[in-house]
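The values are calculated or read from the model by the stated rules, or taken from the named source; none is laboratory data. As the structure is a prediction and not an experimental result, all values here were calculated from the model. FYI the Cβ positions are ideal-geometry reconstructions off the backbone, even for glycines, and counts take in every protein chain you see.
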């Protein structure tokens, strides 16, 4: 536990000094805020406010997680910041868990800022339940695992930037986070149904509506998180491959 807490502190300091923690939080709020602004003005009487707000929160989670672990991890490794870890007896699972913990903190802050903005600025009427917190934890772990995997497997910051740019757009717009899954063509429904963002969106929307949660979606997200955690620990290399 001491090693875990120490790594969390190091990661926070690293984000604050080299990556700009404040800018990460602002970017995770500004982009979804613009989406809420345009949707609220184009469609003044939004019938499904929980889905729109849930989609904005997922877009924030995707943006924070994919950037933080895709581009930032690759850039830090290219600068040689992780060379020291190769000489220390640090368990890779502990390191990855601490890294995911820092992303989770950023995502929760961004999500609650968006909730306040939606309620106070746009007048959204939603039902807040405590289920939103464990959903954000599970969803952040599954999505952040994808970003971390990109940062680990990419050969440098440039390659990571291209891959993360594609993933941010695909996971933000090509998956049903702002609209129901049945709006997609049947063959695409089967594809996006397997993606974590689809299930995070459904769970957040249900939570904000005060509706029952899908235990199948919870199980799928847990499977994504566990699989990515194990695979990234297996593939993690402190040094940049040439």
Looking at the range 159-176, is at least one residue part of a loop (DSSP other than H, G, I, E, B), buried (at least 18 other Cβ atoms within 10 Å of the Cβ) and either under 13 Å from the mean Cα position of the chain (by Cα) or free of Cβ contacts under 8 Å to residues at least 40 places away in the same chain (or both)? yes
Taking the range 204-226 and the residues there that are outside any loop (DSSP other than H, G, I, E, B) and modelled with pLDDT under 90, the one that is surrounded by the most Cβ atoms within 10 Å (Cβ to Cβ) would be 204
Pairs please, first residue from the range 204-219 and in contact (Cβ under 8 Å) with a residue 12 or more places away in the chain and at positive phi, second anywhere and surrounded by fewer than 15 Cβ atoms within 10 Å (Cβ to Cβ) and not in a helix (DSSP H, G or I), Cβ atoms under 7 Å, 6+ apart in sequence or on different chains. 210/127
So which residues in the range 40-63 are under 30 Å from residue 234 (Cβ atoms) and modelled with pLDDT under 75? 63
